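Encoded as C-alpha coordinates, the structure appears first; notes follow it.
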Amino acid sequence: MDYTAKLDDAIQRLHDEGRYRTFIDIERRNGNFPHAVWTRPDGGESDITVWCGNDYLGMGQNPVVLAAMHEALEATGAGSGGTRNISGTTVYHKRLEAELADLHGKESALLFTSAYIANDATLSTLPKLFPGLIIYSDALNHASMIEGVRRNGGAKRIFRHNDLDHLRELLEADDPDAPKLIAFESIYSMDGDFGPIEAICDLADEFGALTYIDEVHAVGMYGPRGGGVAERDRLMHRLDIINGTLAKAYGVMGGYIAASEKMCDAIRSYAPGFIFTTSLPPAVAAGAAASVAYLKKTPEIREQHQTQARILKTRLKAMGLPIIDHGSHIVPVMVGNPVHTKILSDMLLQDHGIYVQPINFPTVPRGTERLRFTPSPVHGPKEMDRLVRAMDALWSHCALNRADLAG
(Lines give C-alpha, C1' and ligand atoms only; values in the text may rest on other atoms or scores of the structure.)
Protein backbone atom coordinates (compact mmCIF):
# COMPACT_ATOMS: atom_id res chain seq x y z
CA MET A 1 0.00 0.00 0.00
CA ASP A 2 1.11 3.56 -0.75
CA TYR A 3 0.58 5.03 2.72
CA THR A 4 1.69 8.50 1.70
CA ALA A 5 -0.88 8.56 -1.12
CA LYS A 6 -3.62 7.57 1.32
CA LEU A 7 -2.64 10.42 3.62
CA ASP A 8 -2.66 12.82 0.66
CA ASP A 9 -6.15 11.62 -0.29
CA ALA A 10 -7.48 12.09 3.22
CA ILE A 11 -6.11 15.63 3.51
CA GLN A 12 -7.24 16.55 -0.01
CA ARG A 13 -10.82 15.56 0.83
CA LEU A 14 -10.82 18.20 3.54
CA HIS A 15 -9.50 20.81 1.11
CA ASP A 16 -12.12 19.84 -1.49
CA GLU A 17 -14.92 20.24 1.06
CA GLY A 18 -13.58 23.60 2.20
CA ARG A 19 -13.09 22.46 5.78
CA TYR A 20 -9.35 21.94 6.04
CA ARG A 21 -8.34 23.51 9.34
CA THR A 22 -5.35 25.78 9.65
CA PHE A 23 -3.65 26.97 12.81
CA ILE A 24 -3.52 30.71 13.37
CA ASP A 25 -0.18 31.41 15.04
CA ILE A 26 -0.83 34.00 17.74
CA GLU A 27 1.06 35.23 20.78
CA ARG A 28 -0.99 36.39 23.71
CA ARG A 29 0.61 39.31 25.50
CA ASN A 30 0.40 39.31 29.30
CA GLY A 31 -1.86 42.09 30.54
CA ASN A 32 -3.12 42.92 27.06
CA PHE A 33 -5.87 40.34 26.49
CA PRO A 34 -7.94 40.16 24.24
CA HIS A 35 -5.24 41.68 22.05
CA ALA A 36 -2.53 39.45 20.63
CA VAL A 37 0.09 39.33 17.89
CA TRP A 38 -0.50 37.24 14.78
CA THR A 39 2.47 35.81 12.90
CA ARG A 40 1.37 36.02 9.26
CA PRO A 41 2.27 33.35 6.68
CA ASP A 42 4.85 35.77 5.24
CA GLY A 43 6.61 35.89 8.61
CA GLY A 44 5.50 39.40 9.51
CA GLU A 45 3.49 40.31 12.59
CA SER A 46 0.14 42.05 13.00
CA ASP A 47 -1.79 43.20 16.05
CA ILE A 48 -5.14 41.44 16.34
CA THR A 49 -8.08 41.10 18.70
CA VAL A 50 -9.13 37.57 19.68
CA TRP A 51 -12.91 37.07 19.46
CA CYS A 52 -13.11 33.28 19.60
CA GLY A 53 -11.10 32.33 22.69
CA ASN A 54 -12.38 30.21 25.56
CA ASP A 55 -10.69 32.39 28.19
CA TYR A 56 -14.16 33.80 28.68
CA LEU A 57 -13.37 36.12 31.59
CA GLY A 58 -9.73 36.96 30.91
CA MET A 59 -8.63 35.00 33.98
CA GLY A 60 -5.64 33.59 32.12
CA GLN A 61 -3.90 36.91 32.77
CA ASN A 62 -5.43 37.79 36.12
CA PRO A 63 -2.69 38.89 38.59
CA VAL A 64 -4.12 36.70 41.37
CA VAL A 65 -3.83 33.62 39.17
CA LEU A 66 -0.35 34.49 37.92
CA ALA A 67 0.92 35.18 41.44
CA ALA A 68 -0.28 31.78 42.63
CA MET A 69 1.38 30.07 39.70
CA HIS A 70 4.67 31.91 40.20
CA GLU A 71 4.70 31.02 43.89
CA ALA A 72 4.04 27.33 43.22
CA LEU A 73 6.58 27.22 40.40
CA GLU A 74 9.29 28.65 42.62
CA ALA A 75 8.34 26.32 45.44
CA THR A 76 8.00 23.04 43.54
CA GLY A 77 9.48 23.31 40.05
CA ALA A 78 7.90 22.60 36.69
CA GLY A 79 6.24 19.17 36.70
CA SER A 80 4.37 17.01 39.17
CA GLY A 81 6.80 14.13 38.83
CA GLY A 82 4.30 11.34 38.29
CA THR A 83 0.77 10.05 38.22
CA ARG A 84 -1.55 10.83 41.11
CA ASN A 85 -0.93 7.33 42.48
CA ILE A 86 2.85 7.50 42.16
CA SER A 87 4.36 10.70 43.60
CA GLY A 88 2.16 13.07 41.57
CA THR A 89 -0.27 14.20 44.28
CA THR A 90 0.71 17.47 45.96
CA VAL A 91 -0.88 19.90 48.35
CA TYR A 92 -1.81 22.01 45.31
CA HIS A 93 -3.85 19.19 43.76
CA LYS A 94 -5.66 18.52 47.03
CA ARG A 95 -6.32 22.22 47.53
CA LEU A 96 -7.82 22.53 44.07
CA GLU A 97 -10.04 19.48 44.53
CA ALA A 98 -11.30 20.92 47.81
CA GLU A 99 -12.12 24.23 46.10
CA LEU A 100 -14.04 22.40 43.36
CA ALA A 101 -15.97 20.19 45.77
CA ASP A 102 -16.96 23.30 47.70
CA LEU A 103 -17.90 25.12 44.48
CA HIS A 104 -20.43 22.42 43.56
CA GLY A 105 -21.61 21.50 47.04
CA LYS A 106 -20.28 17.96 46.70
CA GLU A 107 -18.34 15.73 49.06
CA SER A 108 -15.42 15.34 46.70
CA ALA A 109 -13.87 16.27 43.36
CA LEU A 110 -11.39 14.54 41.10
CA LEU A 111 -8.87 16.27 38.83
CA PHE A 112 -8.00 15.23 35.28
CA THR A 113 -5.64 16.75 32.74
CA SER A 114 -8.61 18.06 30.71
CA ALA A 115 -12.40 18.05 30.78
CA TYR A 116 -12.27 15.88 27.66
CA ILE A 117 -10.36 13.23 29.59
CA ALA A 118 -12.66 13.66 32.59
CA ASN A 119 -15.73 12.97 30.45
CA ASP A 120 -14.16 10.14 28.48
CA ALA A 121 -12.60 8.42 31.48
CA THR A 122 -15.62 8.73 33.75
CA LEU A 123 -18.31 7.71 31.26
CA SER A 124 -16.26 4.79 29.97
CA THR A 125 -15.63 3.55 33.52
CA LEU A 126 -19.14 3.73 34.99
CA PRO A 127 -20.33 0.38 33.50
CA LYS A 128 -17.48 -1.32 35.38
CA LEU A 129 -18.99 0.05 38.58
CA PHE A 130 -22.63 -0.56 37.66
CA PRO A 131 -22.86 -3.74 35.54
CA GLY A 132 -25.66 -3.55 32.99
CA LEU A 133 -25.69 0.26 33.08
CA ILE A 134 -27.68 1.96 30.32
CA ILE A 135 -26.52 5.47 29.43
CA TYR A 136 -29.03 7.89 27.88
CA SER A 137 -27.04 10.54 26.01
CA ASP A 138 -28.25 13.76 24.40
CA ALA A 139 -27.68 13.72 20.63
CA LEU A 140 -25.65 16.95 20.78
CA ASN A 141 -23.38 16.00 23.65
CA HIS A 142 -19.72 16.92 23.30
CA ALA A 143 -17.37 14.57 21.44
CA SER A 144 -15.69 13.63 24.73
CA MET A 145 -18.98 12.40 26.16
CA ILE A 146 -19.82 10.54 22.95
CA GLU A 147 -16.41 8.86 23.01
CA GLY A 148 -16.74 7.85 26.64
CA VAL A 149 -20.19 6.37 26.08
CA ARG A 150 -19.06 4.62 22.89
CA ARG A 151 -16.02 3.03 24.51
CA ASN A 152 -17.61 1.78 27.70
CA GLY A 153 -18.96 -1.43 26.21
CA GLY A 154 -22.35 -0.95 27.83
CA ALA A 155 -25.79 -0.19 26.48
CA LYS A 156 -26.49 3.30 25.21
CA ARG A 157 -29.53 5.22 24.06
CA ILE A 158 -29.33 8.51 22.15
CA PHE A 159 -32.24 10.88 22.70
CA ARG A 160 -33.04 13.76 20.38
CA HIS A 161 -31.51 17.02 21.56
CA ASN A 162 -33.37 18.37 24.61
CA ASP A 163 -36.36 16.18 23.69
CA LEU A 164 -37.85 15.11 27.01
CA ASP A 165 -40.64 13.10 25.40
CA HIS A 166 -38.13 11.04 23.47
CA LEU A 167 -36.02 10.55 26.59
CA ARG A 168 -39.10 9.33 28.45
CA GLU A 169 -39.93 6.88 25.65
CA LEU A 170 -36.44 5.41 25.85
CA LEU A 171 -36.54 5.14 29.63
CA GLU A 172 -39.94 3.49 29.58
CA ALA A 173 -38.82 0.92 27.03
CA ASP A 174 -36.00 -0.45 29.17
CA ASP A 175 -35.98 -2.82 32.13
CA PRO A 176 -37.08 -0.80 35.16
CA ASP A 177 -34.55 -2.65 37.31
CA ALA A 178 -31.56 -1.89 35.06
CA PRO A 179 -29.11 0.75 36.33
CA LYS A 180 -29.43 3.95 34.30
CA LEU A 181 -27.61 7.24 33.80
CA ILE A 182 -28.68 10.35 31.86
CA ALA A 183 -25.78 12.35 30.39
CA PHE A 184 -26.32 15.88 29.11
CA GLU A 185 -24.91 19.42 29.09
CA SER A 186 -26.00 22.63 30.78
CA ILE A 187 -24.94 24.85 27.85
CA TYR A 188 -24.34 23.44 24.39
CA SER A 189 -21.37 25.36 23.12
CA MET A 190 -22.11 25.68 19.40
CA ASP A 191 -25.71 26.98 19.60
CA GLY A 192 -25.53 28.35 23.13
CA ASP A 193 -28.79 26.72 24.22
CA PHE A 194 -29.50 25.35 27.69
CA GLY A 195 -30.26 21.81 28.74
CA PRO A 196 -33.55 21.30 30.68
CA ILE A 197 -31.80 20.39 33.91
CA GLU A 198 -34.77 20.30 36.28
CA ALA A 199 -36.97 18.30 33.92
CA ILE A 200 -34.18 15.76 33.33
CA CYS A 201 -33.65 15.44 37.07
CA ASP A 202 -37.39 14.80 37.45
CA LEU A 203 -37.20 11.99 34.90
CA ALA A 204 -34.11 10.59 36.60
CA ASP A 205 -35.97 10.48 39.92
CA GLU A 206 -38.97 8.84 38.30
CA PHE A 207 -36.94 6.11 36.60
CA GLY A 208 -34.22 5.66 39.21
CA ALA A 209 -31.41 7.00 37.04
CA LEU A 210 -28.19 8.77 37.92
CA THR A 211 -27.52 12.19 36.38
CA TYR A 212 -24.30 13.34 34.70
CA ILE A 213 -24.02 16.97 33.59
CA ASP A 214 -21.28 18.70 31.61
CA GLU A 215 -20.99 22.30 32.84
CA VAL A 216 -17.84 23.08 30.87
CA HIS A 217 -19.23 26.22 29.24
CA ALA A 218 -20.92 27.41 32.42
CA VAL A 219 -18.59 26.97 35.39
CA GLY A 220 -17.18 30.28 36.53
CA MET A 221 -19.75 32.19 34.50
CA TYR A 222 -23.16 31.30 35.94
CA GLY A 223 -24.47 31.08 39.48
CA PRO A 224 -23.76 33.25 42.54
CA ARG A 225 -20.27 31.74 42.96
CA GLY A 226 -19.66 30.46 39.45
CA GLY A 227 -20.91 26.93 40.07
CA GLY A 228 -22.65 26.87 36.70
CA VAL A 229 -26.23 26.84 35.46
CA ALA A 230 -27.15 24.18 38.02
CA GLU A 231 -26.05 26.53 40.80
CA ARG A 232 -27.93 29.42 39.21
CA ASP A 233 -31.08 27.29 39.13
CA ARG A 234 -30.45 25.79 42.60
CA LEU A 235 -30.25 22.25 41.23
CA MET A 236 -26.71 21.13 42.07
CA HIS A 237 -27.93 18.85 44.86
CA ARG A 238 -29.99 16.87 42.32
CA LEU A 239 -27.04 16.06 40.07
CA ASP A 240 -24.93 13.01 40.83
CA ILE A 241 -21.84 13.85 38.75
CA ILE A 242 -20.83 17.33 37.57
CA ASN A 243 -18.11 17.73 34.94
CA GLY A 244 -16.27 21.00 34.53
CA THR A 245 -13.15 22.56 33.05
CA LEU A 246 -10.40 24.81 34.34
CA ALA A 247 -9.38 25.88 30.83
CA LYS A 248 -12.23 28.24 29.93
CA ALA A 249 -13.68 30.67 32.47
CA TYR A 250 -10.91 29.84 34.93
CA GLY A 251 -8.24 30.57 32.36
CA VAL A 252 -5.79 27.78 33.16
CA MET A 253 -5.91 24.07 32.25
CA GLY A 254 -7.44 20.81 33.42
CA GLY A 255 -10.81 19.20 34.00
CA TYR A 256 -12.65 17.51 36.83
CA ILE A 257 -15.71 15.78 38.14
CA ALA A 258 -17.46 16.64 41.39
CA ALA A 259 -19.60 13.98 43.07
CA SER A 260 -19.95 11.95 46.23
CA GLU A 261 -16.79 10.79 47.98
CA LYS A 262 -17.54 7.17 47.05
CA MET A 263 -18.16 8.00 43.38
CA CYS A 264 -14.88 9.92 43.07
CA ASP A 265 -13.03 7.18 44.94
CA ALA A 266 -14.40 4.53 42.59
CA ILE A 267 -13.59 6.52 39.44
CA ARG A 268 -10.02 7.26 40.57
CA SER A 269 -9.55 3.58 41.40
CA TYR A 270 -10.91 2.15 38.13
CA ALA A 271 -10.50 4.76 35.34
CA PRO A 272 -7.37 4.18 33.19
CA GLY A 273 -7.57 7.80 32.01
CA PHE A 274 -6.93 8.86 35.58
CA ILE A 275 -4.65 6.09 36.82
CA PHE A 276 -2.09 6.14 34.01
CA THR A 277 -1.81 9.89 33.32
CA THR A 278 0.78 12.24 34.77
CA SER A 279 -0.98 14.74 37.00
CA LEU A 280 -1.25 18.44 36.31
CA PRO A 281 1.85 20.51 37.11
CA PRO A 282 1.57 21.95 40.63
CA ALA A 283 1.80 25.50 39.28
CA VAL A 284 -1.21 24.87 37.03
CA ALA A 285 -3.18 23.42 39.94
CA ALA A 286 -2.25 26.41 42.09
CA GLY A 287 -3.34 28.89 39.44
CA ALA A 288 -6.62 27.07 38.90
CA ALA A 289 -7.36 26.97 42.63
CA ALA A 290 -6.69 30.70 42.89
CA SER A 291 -8.97 31.36 39.91
CA VAL A 292 -11.83 29.26 41.31
CA ALA A 293 -11.54 30.95 44.71
CA TYR A 294 -11.36 34.41 43.15
CA LEU A 295 -14.43 33.95 40.95
CA LYS A 296 -16.47 32.65 43.87
CA LYS A 297 -16.21 36.15 45.34
CA THR A 298 -16.48 38.33 42.21
CA PRO A 299 -19.97 38.02 40.69
CA GLU A 300 -19.52 41.41 39.03
CA ILE A 301 -17.23 39.79 36.44
CA ARG A 302 -20.02 37.39 35.49
CA GLU A 303 -22.45 40.29 35.23
CA GLN A 304 -20.07 42.21 32.95
CA HIS A 305 -19.64 39.12 30.80
CA GLN A 306 -23.38 38.69 30.30
CA THR A 307 -23.75 42.39 29.54
CA GLN A 308 -21.11 42.23 26.82
CA ALA A 309 -22.78 39.20 25.25
CA ARG A 310 -26.17 40.93 25.24
CA ILE A 311 -24.72 44.07 23.66
CA LEU A 312 -22.99 42.16 20.88
CA LYS A 313 -26.07 40.08 20.09
CA THR A 314 -28.27 43.17 20.03
CA ARG A 315 -25.96 45.01 17.66
CA LEU A 316 -25.54 42.07 15.30
CA LYS A 317 -29.29 41.49 15.24
CA ALA A 318 -29.84 45.16 14.41
CA MET A 319 -27.68 44.67 11.33
CA GLY A 320 -29.84 41.78 10.20
CA LEU A 321 -27.20 39.11 10.72
CA PRO A 322 -28.53 35.57 11.31
CA ILE A 323 -27.42 34.89 14.86
CA ILE A 324 -28.64 32.23 17.28
CA ASP A 325 -29.70 33.65 20.64
CA HIS A 326 -30.74 31.29 23.42
CA GLY A 327 -29.83 33.74 26.17
CA SER A 328 -26.34 32.42 26.90
CA HIS A 329 -22.96 34.06 26.33
CA ILE A 330 -22.36 32.16 23.07
CA VAL A 331 -22.83 34.31 19.93
CA PRO A 332 -22.97 32.18 16.75
CA VAL A 333 -23.40 33.92 13.38
CA MET A 334 -24.76 31.38 10.92
CA VAL A 335 -23.11 31.21 7.49
CA GLY A 336 -24.11 27.77 6.25
CA ASN A 337 -21.23 27.10 3.89
CA PRO A 338 -17.69 26.02 4.85
CA VAL A 339 -15.96 27.91 2.04
CA HIS A 340 -17.82 31.14 2.77
CA THR A 341 -17.18 30.77 6.48
CA LYS A 342 -13.45 30.41 5.88
CA ILE A 343 -13.39 33.41 3.54
CA LEU A 344 -15.16 35.59 6.09
CA SER A 345 -12.79 34.45 8.82
CA ASP A 346 -9.75 35.15 6.62
CA MET A 347 -10.96 38.62 5.65
CA LEU A 348 -11.76 39.56 9.24
CA LEU A 349 -8.23 38.58 10.23
CA GLN A 350 -6.29 40.00 7.29
CA ASP A 351 -8.25 43.21 6.68
CA HIS A 352 -9.57 44.09 10.13
CA GLY A 353 -7.27 42.43 12.69
CA ILE A 354 -10.15 40.38 14.10
CA TYR A 355 -9.58 36.70 14.81
CA VAL A 356 -12.61 34.40 14.84
CA GLN A 357 -12.12 30.78 13.83
CA PRO A 358 -14.54 29.19 11.33
CA ILE A 359 -16.61 26.38 12.85
CA ASN A 360 -17.24 23.55 10.38
CA PHE A 361 -18.21 19.88 10.30
CA PRO A 362 -17.71 17.66 12.31
CA THR A 363 -17.91 20.21 15.14
CA VAL A 364 -21.31 21.27 13.77
CA PRO A 365 -23.59 19.54 11.21
CA ARG A 366 -23.00 20.22 7.54
CA GLY A 367 -24.94 23.25 6.36
CA THR A 368 -24.73 24.95 9.76
CA GLU A 369 -21.19 26.33 9.46
CA ARG A 370 -20.72 29.48 11.47
CA LEU A 371 -18.54 32.11 13.07
CA ARG A 372 -18.72 31.77 16.84
CA PHE A 373 -17.94 34.90 18.83
CA THR A 374 -17.10 34.82 22.54
CA PRO A 375 -17.23 38.33 24.01
CA SER A 376 -15.62 38.85 27.40
CA PRO A 377 -15.57 41.56 30.08
CA VAL A 378 -12.27 42.80 28.62
CA HIS A 379 -13.64 43.38 25.12
CA GLY A 380 -14.22 47.11 25.44
CA PRO A 381 -16.35 49.53 23.39
CA LYS A 382 -13.58 50.12 20.85
CA GLU A 383 -13.16 46.40 20.19
CA MET A 384 -16.93 45.96 19.95
CA ASP A 385 -17.29 48.88 17.50
CA ARG A 386 -14.50 47.55 15.29
CA LEU A 387 -16.05 44.10 15.15
CA VAL A 388 -19.55 45.39 14.33
CA ARG A 389 -18.23 47.69 11.59
CA ALA A 390 -16.16 44.89 10.08
CA MET A 391 -19.05 42.43 10.05
CA ASP A 392 -21.37 45.00 8.53
CA ALA A 393 -18.88 45.85 5.78
CA LEU A 394 -18.05 42.25 4.91
CA TRP A 395 -21.60 40.93 5.08
CA SER A 396 -23.04 43.61 2.82
CA HIS A 397 -20.13 44.62 0.56
CA CYS A 398 -18.27 41.47 -0.45
CA ALA A 399 -19.10 39.32 -3.41
CA LEU A 400 -20.48 37.04 -0.71
CA ASN A 401 -23.67 39.04 -0.15
CA ARG A 402 -26.07 38.24 2.63
CA ALA A 403 -28.33 36.05 0.56
CA ASP A 404 -25.40 33.95 -0.63
CA LEU A 405 -24.05 33.53 2.87
CA ALA A 406 -27.36 32.68 4.44
CA GLY A 407 -27.97 30.07 1.75
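The values are calculated or read from the model by the stated rules, or taken from the named source; none is laboratory data. Here the structure is a predicted model, which is why all the values come from computation and not from measurement. As a convention, Cβ positions derive from the backbone with ideal geometry for all residues, glycine included, and neighbour counts pool all protein chains shown. When the accessible area is computed, the model is the full protein with side chains, heavy atoms only, and any ligands, DNA or RNA have been set aside. Shrake-Rupley method; radii C 1.70, N 1.55, O 1.52, S 1.80 Å.
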- Identity of the residue in the range 363-383, closer than 17 Å to His340 by Cβ and in a loop (DSSP other than H, G, I, E, B), that ends up most open to solvent (accessible area, probe 1.4 Å): Arg366
- Query: From the residues in the range 252-292 that are in a loop (DSSP other than H, G, I, E, B) and either open to solvent by 20 Å² or more (accessible area, probe 1.4 Å) or charged (D, E, K, R) (or both), which one is nearest to Ala115 (Cα to Cα)?
  - Reply: Met253
- Item | Among (1) crowded, with 24+ Cβ neighbours inside 10 Å; (2) without any contact (Cβ under 8 Å) to a residue 40 or more places away in the chain - the single one Arg232 does not satisfy | (1)
- Message: Given (1) open to solvent by 30 Å² or more (accessible area, probe 1.4 Å); (2) more than 27 Å from the chain's Cα centre (by Cα), identify the lone condition not met by Gly44.
- Response: (1)
- Note on the structure: Counting only residues that are open to solvent by less than 50 Å² (accessible area, probe 1.4 Å) and either of a type in the set (Gly, Ala, Ser) or in a helix (DSSP H, G or I) (or both), the range 150-182 contains a total of 7
- Note on the structure: Log entry, pairs with first residue in the range 367-392 being at positive phi, second being open to solvent by less than 30 Å² (accessible area, probe 1.4 Å) and not in a helix (DSSP H, G or I), beta carbons closer than 9 Å, six or more apart or on different chains, reads Gly367/Gly336
- Task: Assess whether Leu295 counts as being surrounded by fewer than 23 Cβ atoms within 10 Å (Cβ to Cβ) and either in a helix (DSSP H, G or I) or under 20 Å from the mean Cα position of the chain (by Cα) (or both).
- Result: no
- Residues that are aliphatic (A, V, I, L, M), open to solvent by 70 Å² or more (accessible area, probe 1.4 Å) and closer than 25 Å to Leu344 by Cβ, drawn from the range 1-41: Ile11
- Item | Selected residue (only one of Lys128, Lys94, Lys106 is within 26 Å of Lys297 (Cβ to Cβ), open to solvent by 20 Å² or more (accessible area, probe 1.4 Å) and not in a loop (DSSP other than H, G, I, E, B)) | Lys94
- Query: Asp325 passes all but one of (1) among the acidic types (Asp, Glu); (2) free of Cβ contacts under 8 Å to residues at least 12 places away in the same chain; (3) not in a helix (DSSP H, G or I); which number fails?
  - Reply: (2)
